[in-house]
Each structure stands twice: as C-alpha cells, then as structure tokens.
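Novice: Sharing a structure with you now.
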Amino acid sequence: MALPLLILACSRASDPAGARERPTETAPVPRLTARSLRTYDAPEATQGVAVDARHFYPVANSVLAKYELASGVRVDLWEAPDPPLVRHMNSCLADGALIRCANSNYPATPMASSIESFDAATLEHAGSVSLGMMDEGSLTWFDRFADGWIAGFAHYDASGGLAYKDHTFSSIITFDAGWRRTGGWTFPASVMERLAPHAASGGALGPDGWLYLLGHDRPELYVVGRPPMGPTLVHLATIDVEAEGQAFSWAQDGTRTVYAISRPQRLVRAIEIPPVRPDDPSAARPFR
C-alpha cells in the first residue's frame, strides 16, 4: 500500500496547478501627472468641493458655501445650527437641483452616517437620509452608479477608529436608489498602503468609467477598475495632482477636469486629468 501513496504524493507535488497558486510579481502601476488650470480662494475648502455648470461648493464640516465659477465670488453660505446636527460633512455631490453631502459623526464612535441634501439655488436644507450605524464604517463620499449609488466607507488607525478595525477594513459599497446594499469591493494593497492610516476621503466616477480616488493628505489620485472576478479592485494608475487629498468632483461638461482642494492653503483648483489607458484592457472593467 505504500507505493500507491508515494505515487499520489509525487503526482500532487508535480501538479502544475500548484505552481499557479504561488504569488506572481505584478507590473508597476503607471504614474501620470495632472495639470492645474485655475485656482480659487475659498476659506471653506477644508473637506472637499462639489461643482455644477455655473458654481462650485466648498465644504467645511458643518459649512457649505457657493461660489461662481466665472468670477470666483462667493454668493451664498449655509451653516449648521448650534449645536451642529451636521458635524462632519466629508464631501458633496452636485446632483441636479440638489447638493447632496456625505455626513458622519466622526470622530465619535460607534460610527454613524447620513446623507444631507441642500437646494442648489438657495442652499436651504432640503432633506436627510440617515444610514445610522454601519459595519462598513464612516461614509466619506458617494456618486451616482447604475440606478443607485457607489460610496466609500472609512476606518481609521487612530482618532475616530475602532480598536478592532484598522484602516484596512475600509471599502467601497454599492447601493440601490433606496440606500440598500447591493455589493462592494475592497481596495487593492497598492492603494491601501498609500491611504494609511486613513482611507479614501474622496471618490468619483470619471467620464471614462473608471473610479478615481483621493486619500487624506497625499497629492495623488488613484484610478481603479472593477475586477473580472473576485472582491478586490484593480489599481490602474496613480496621478500626481496639486491637491493634498480630500474630496473632489468632476466637471459636468464631460471634460477631464476635476475640482479639488488644497486644505492647507484653503484653495479650490480646477485640474486637467490625463487620459488613463490600461496596458491590459482585460485586467479591469469600467464602472459604466
């Protein structure tokens, strides 16, 4: 009986499938450089900025401002009531007649989040959707996706984090129109190591269908695609930008222009993003 067992062991040792299980080296991720087009002064630009056809909207925790794109002049301002019911707006999205903002109770725990809506014309508060406590973490950004939403959730290593979940538990989740979860992905390791000890503070789908992400303080944009299989996104490119992380928005004219902030300098910048063309189109799929 010993001989058949020996043959079986040898057969397994020489099985080429075993070789496929060993990790392989990955090609370097392309690095590109963006070009700044225009700069605006905006003292409220500490968390992010939204943009529509005529205005941009910088956000600072419990403050939302409105500026003319053409002149750079502030035309309106909303401030949360005291004590603030809206304490940490992370990002905002110009969505038709509304400005929708991702709000959380950061740095309090357990983490809880909501989506606050404002009338784009008047900046009056127009509605609230509470997500309550979520295992996914703290809501930092969201965008339109399919018939619902795609959103980023953050965990942190230090302030505002949980003792049993560090930043590696951050993820990207999809929802239907009623904010019911429909799916999600984890970050690729090459992006996660650059986000540490935080998560993606900003995210938005580009006109090319790829997902673009900004971290908390590094001046670099990460481009990811959907994997052909499995739960981990594919890192397609890293783009150097003149913006130290935080939330951003794509221009609504279909160009490759984003509006991002310099938190240390309280600025909003219009930035031209170079085209992203994956070397292997089959390695990842666009989101739309």
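The values are calculated or read from the model by the stated rules, or taken from the named source; none is laboratory data. Treat the numbers as computed from the prediction; the structure is a model and nothing was measured. Reconstructed Cβ throughout: ideal geometry from the backbone, glycine too, with neighbour counts over all protein chains shown. We work out accessible area using only protein heavy atoms, side chains counted, and drop any ligands, DNA or RNA first. Shrake-Rupley method; radii C 1.70, N 1.55, O 1.52, S 1.80 Å.
Novice: Residue pairs, Cβ under 6 Å, 6 or more apart or interchain, first in the range 197-219 and on the phi > 0 side of the Ramachandran plot, second open to solvent by 10 Å² or more (accessible area, probe 1.4 Å) and among the charged types (D, E, K, R). List them.
Specialist: Pairs found: Gly209/Arg288.
Novice: I'd like the residue in the range 99-144 that is aliphatic (A, V, I, L, M) and outside any strand (DSSP E or B) and, out of all such residues, is farthest from the chain's Cα centre (by Cα). Talk me through it step by step, then tell me what you get.
Specialist: Step one: list which residues in the range 99-144 are aliphatic (A, V, I, L, M), which gives 99, 102, 108, 111-112, 115, 120-121, 123, 126, 129, 131, 133-134, 139.
Okay, now just the ones that are also outside any strand (DSSP E or B), so 108, 111, 120-121, 123, 134.
On the way: Ala108: 21, Met111: 18, Ala120: 22, Ala121: 26, Leu123: 24, Met134: 17 Å.
Filtering first and then ranking leaves Ala121.
Novice: Another question, if that's okay. For residues that are hydroxyl-bearing (Ser, Thr, Tyr), open to solvent by 50 Å² or more (accessible area, probe 1.4 Å) and closer than 16 Å to Arg181 by Cα, tally how many sit in the range 115-144.
Specialist: Selection size over the range 115-144: 1.
Novice: Further question on the same structure: Which number in (1) open to solvent by 50 Å² or more (accessible area, probe 1.4 Å); (2) small (Gly, Ala, Ser); (3) modelled with pLDDT under 95 marks the one condition that Ala17 misses?
Specialist: Only one criterion is unmet by Ala17, namely (1).
Novice: Considering each of Asp217, Asp279 in turn, give the residue that is over 17 Å from Arg35 (Cβ atoms), charged (D, E, K, R), more than 18 Å from the chain's Cα centre (by Cα) and open to solvent by 60 Å² or more (accessible area, probe 1.4 Å).
Specialist: Asp279
Novice: What tally of residues in the range 186-195 results from selecting those that are open to solvent by 40 Å² or more (accessible area, probe 1.4 Å) and either without any contact (Cβ under 8 Å) to a residue 12 or more places away in the chain or hydrophobic (A, V, I, L, M, F, W, C) (or both)?
Specialist: Residues meeting the conditions: 2.
Novice: Sticking with this structure for a sec: I'd like to know if the range 236-254 contains one or more residues that are touching a residue at least 24 places away in the same chain (Cβ under 8 Å), out of contact with any Asp or Glu (no Cβ under 8 Å at 6 or more places or on another chain) and over 30 Å from Pro43 (Cα atoms).
Specialist: Yes: the range 236-254 contains one or more residues that are touching a residue at least 24 places away in the same chain (Cβ under 8 Å), out of contact with any Asp or Glu (no Cβ under 8 Å at 6 or more places or on another chain) and over 30 Å from Pro43 (Cα atoms).
Novice: In the range 64-114, which residue that is open to solvent by 60 Å² or more (accessible area, probe 1.4 Å) and among the charged types (D, E, K, R) is modelled with the lowest pLDDT?
Specialist: Asp82
Novice: Would you confirm whether any residue within the range 239-252 is among the hydrophobic types (A, V, I, L, M, F, W, C) and either within 12 Å of the chain's Cα centre (by Cα) or surrounded by fewer than 17 Cβ atoms within 10 Å (Cβ to Cβ) (or both)?
Specialist: Taking every residue of the range 239-252 in turn, at least one turns out to be among the hydrophobic types (A, V, I, L, M, F, W, C) and either within 12 Å of the chain's Cα centre (by Cα) or surrounded by fewer than 17 Cβ atoms within 10 Å (Cβ to Cβ) (or both).
Novice: Test Asp208 against the stated conditions and say whether it is open to solvent by 10 Å² or more (accessible area, probe 1.4 Å), farther than 20 Å from Phe145 by Cα and of a type in the set (Asp, Glu).
Specialist: Details: open to solvent by 10 Å² or more (accessible area, probe 1.4 Å): yes; farther than 20 Å from Phe145 by Cα: no; of a type in the set (Asp, Glu): yes.
Spelling it out, it is not the case that Asp208 is open to solvent by 10 Å² or more (accessible area, probe 1.4 Å), farther than 20 Å from Phe145 by Cα and of a type in the set (Asp, Glu).
Novice: Give me a count of the residues in the range 220-233 that are small (Gly, Ala, Ser) and open to solvent by 10 Å² or more (accessible area, probe 1.4 Å).
Specialist: The total comes to 1.
Novice: Inside the range 145-164, can you point out the residues that are open to solvent by less than 20 Å² (accessible area, probe 1.4 Å) and in a strand (DSSP E or B)?
Specialist: Listed by number, the residues that qualify are Gly148, Trp149, Ile150, Ala151, Gly152, Phe153, Ala154.
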